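Here's the structure, in structure tokens; my notes come after.
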Amino acid sequence: MERRKVMERNGKGSFVHQYYKPTEIICGRQMKEWLPFSVSWWHNLGSQSMKGQFKHTSGILYEAEKAELAFEMMKRLDIEYFCLQGSGGCGPAENLLQTEEQQKRLNVIIEEKMNKYNSKLLWGAGNYISLEQTELGAGTSPSLDVFLQSLALEKINVDTVLQLNGTGIMFWGGKEGYQCMADTNLRLELDNRAEYIRKTIEYARKKGFKGQFYLEPKPKRPGRFQYHFDVAAAVLYLKEHDLDKEVKLCLDSYHAALAGHEFDYEFRMAKLFQTVGTIDTSPDRFLDTALSEIEQVKRWVLVMYDLIELGGLSGGINFDPKDYREKYTEEFVMKALFCGQETLSWAFRAAAWLWENGKLEHLRSVRYEEISEKEANYNMEEVWERMKGKHVKLERRFYTEERVNLLLEEAVKAVYIAD
């Protein structure tokens, strides 16, 4: 098998899926149910280099042009969902009243395009991200005015999600952190953040929102030190503040890497604590030429395997670029999105192959067979008597990583679709 990128298989600009077949039944469901793809177009189409493709460069008309192009691209790629910054998405405003008015006007335009293209809103996020005054946090800010302004922006976001019939509301953690431990009241900031989330949930439920809330862990950038560092820290935070029944996690493969984790580890941890909600990943990274096609797909197989075991996502799989390249073009964005769809779909097919033949589960069960049968009722004296004269050495049969890697490669190749 040649080391080709999935984008190259269909020629320039054709974008004909080979691995992603939306209505094909796999493991009892259509692929589009297992893989509900989504696009965050404010990043995908919001770079400086993309602005030259539009007649306008700011304001409502600029956002309307971006939305039209985004929906056309989604239609070409069979992407059903999109994500939105549901407050302040039109850029700077004099005050909250102007922000709300701009957002309402934009929502009308988006709603018309949703009906035209039969698209759906996956989730909305409050846009306090680009505000200078939130440099020291929004829900964790030491400023009362900044805290309250950010919370008011969440109201606009909730209203937008309700108007557009969205299925989720996102709490982004990218600015919720601290600069210097010496002058930081950790308990106050963490409690305020929980209050911020709770007030938003209360308002949304009062207004009739029945969807899912998400919190996105992120260890750094733009903040220096951020509270929701990874899945473990976020789960602990949600449980401590009794928010885990309402809030699931948005798992971002790039953020996992920033925290020093593999993404399959973060996904498995979230699955273990029943907090898997939705996935974010950067489409740019699927064009990484440093990895072979097989290796690119392999890194997602275990995530897809756990997704099948989980029974699917409450959210979706959102393409949100993290490399804000200087020379974004419509063609580049389409290639990145298409390559992301094909790579994840190929990985999903490999995971389904493993799931149905039971090879991975058999390997794991054999590895843990002895310790799984350990008696529960014993004491330290009994352990001492059993082990005091025994020489123990860890046997090679417990080192199964090489076999797992070979199995993953076998799975990827087993579902390969030739030209």
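Restricting attention to the range 178-197, does a residue exist that is under 22 Å from L313 (Cα atoms), open to solvent by 10 Å² or more (accessible area, probe 1.4 Å), polar (S, T, N, Q) and not in a helix (DSSP H, G or I)? No, that holds for no residue. Please verify whether L236 is surrounded by fewer than 17 Cβ atoms within 10 Å (Cβ to Cβ) and at pLDDT 95 or above, treating the condition exactly as stated. Against the criterion (surrounded by fewer than 17 Cβ atoms within 10 Å (Cβ to Cβ) and at pLDDT 95 or above), L236 qualifies.
Applying a threshold of 7 Å to beta carbon distances and a minimum spacing of six or more residues, or different chains, the list of pairs starting in the range 108-137 at a residue that is free of Cβ contacts under 8 Å to residues at least 12 places away in the same chain and on the phi > 0 side of the Ramachandran plot and ending at one that is part of a loop (DSSP other than H, G, I, E, B) and open to solvent by 10 Å² or more (accessible area, probe 1.4 Å) is empty.
Here is the figure for the range 122-135: residues that are polar (S, T, N, Q) and in a helix (DSSP H, G or I) total 2.
So K116 fits all but one of (1) in contact with a strand residue (DSSP E or B) (Cβ under 9 Å, 6 or more places away or on another chain); (2) over 27 Å from K239 (Cα atoms); (3) not small (G, A, S); what number is the exception? For K116, the failing item is (1). Residue pairs whose Cβ atoms lie under 6 Å apart, sitting 6 or more positions apart in sequence or on different chains, and linking a residue in the range 21-48 that is at negative phi to a partner that is of a type in the set (S, T, Y) and not in a strand (DSSP E or B), are Q30/T23; S47/Y324; S47/Y328. Residues of the range 247-278 that are surrounded by fewer than 23 Cβ atoms within 10 Å (Cβ to Cβ), polar (S, T, N, Q) and within 14 Å of the chain's Cα centre (by Cα): S253, T275. Kindly check whether there is at least one residue in the range 395-417 that is at pLDDT 95 or above, surrounded by 11 or more Cβ atoms within 10 Å (Cβ to Cβ), closer than 28 Å to G358 by Cα and among the acidic types (D, E). Within the range 395-417, one or more residues are at pLDDT 95 or above, surrounded by 11 or more Cβ atoms within 10 Å (Cβ to Cβ), closer than 28 Å to G358 by Cα and among the acidic types (D, E). Filtering the range 157-173 for residues that are in a helix (DSSP H, G or I) and over 30 Å from F71 (Cα atoms) leaves an empty set. In the range 109-121 there is at least one residue that is of a type outside the set (A, V, I, L, M, F, W, C), open to solvent by 10 Å² or more (accessible area, probe 1.4 Å) and part of a loop (DSSP other than H, G, I, E, B).
Taking the range 198-212 as the range and being out of contact with any strand residue (DSSP E or B) (no Cβ under 9 Å at 6 or more places or on another chain) and in a helix (DSSP H, G or I) as the test, the residues that pass are R198, K199, E202, Y203, R205, K206.
Being under 19 Å from E342 (Cα atoms), in contact (Cβ under 8 Å) with a residue 12 or more places away in the chain and assigned to a helix (DSSP H, G or I) holds for only one residue in D280, D284, and it is D284. Residue selection: L151 fails the criterion of being closer than 20 Å to G173 by Cα and either in a strand (DSSP E or B) or open to solvent by less than 30 Å² (accessible area, probe 1.4 Å) (or both). Scanning the range 74-88 for residues that are open to solvent by less than 10 Å² (accessible area, probe 1.4 Å) and part of a helix (DSSP H, G or I) turns up M74, L77. Selection of helices (runs of 4 or more DSSP H) fully inside the range 328-419 by the criterion of at least 2 residues being at positive phi and not aromatic (F, W, Y) returns nothing. Just one of the numbered conditions (1) assigned to a loop (DSSP other than H, G, I, E, B); (2) buried (at least 21 other Cβ atoms within 10 Å of the Cβ); (3) out of contact with any helix residue (DSSP H, G or I) (no Cβ under 8 Å at 6 or more places or on another chain) is not true of H228: (3).
With respect to L122, is the statement that it is within 27 Å of the chain's Cα centre (by Cα) and modelled with pLDDT of 95 or more true? Taking the combined requirement at face value, the residue satisfies it. Just one of the listed residues (G311, G315, G340) is in contact with a Pro (Cβ under 7 Å, 6 or more places away or on another chain) and open to solvent by less than 70 Å² (accessible area, probe 1.4 Å), and it is G340.
Just give me the residues in the range 89-108 being open to solvent by 90 Å² or more (accessible area, probe 1.4 Å) and either part of a helix (DSSP H, G or I) or more than 30 Å from K220 (Cα to Cα) (or both), in sequence order. Result: L97, E101, K104, R105.
What about L215, is it free of Cβ contacts under 8 Å to residues at least 40 places away in the same chain and either of a type in the set (A, V, I, L, M, F, W, C) or in a strand (DSSP E or B) (or both)? In short, no.
Of all residues in the range 19-58, those satisfying the criterion of being assigned to a helix (DSSP H, G or I), at pLDDT 85 or above and open to solvent by less than 70 Å² (accessible area, probe 1.4 Å) are M31, W34. Every listed requirement among (1) out of contact with any Asp or Glu (no Cβ under 9 Å at 6 or more places or on another chain); (2) polar (S, T, N, Q); (3) within 30 Å of I279 (Cβ to Cβ) is met by Q163 save one, (1).
The values are calculated or read from the model by the stated rules, or taken from the named source; none is laboratory data. For clarity, every value in this text was computed on a predicted model and none was experimentally measured. So basically every Cβ, Gly included, is an ideal-geometry build from the backbone, and we count neighbours across all protein chains shown. In case anyone asks, the SASA skips ligands and DNA or RNA and just uses the protein heavy atoms, side chains included. Shrake-Rupley method; radii C 1.70, N 1.55, O 1.52, S 1.80 Å.
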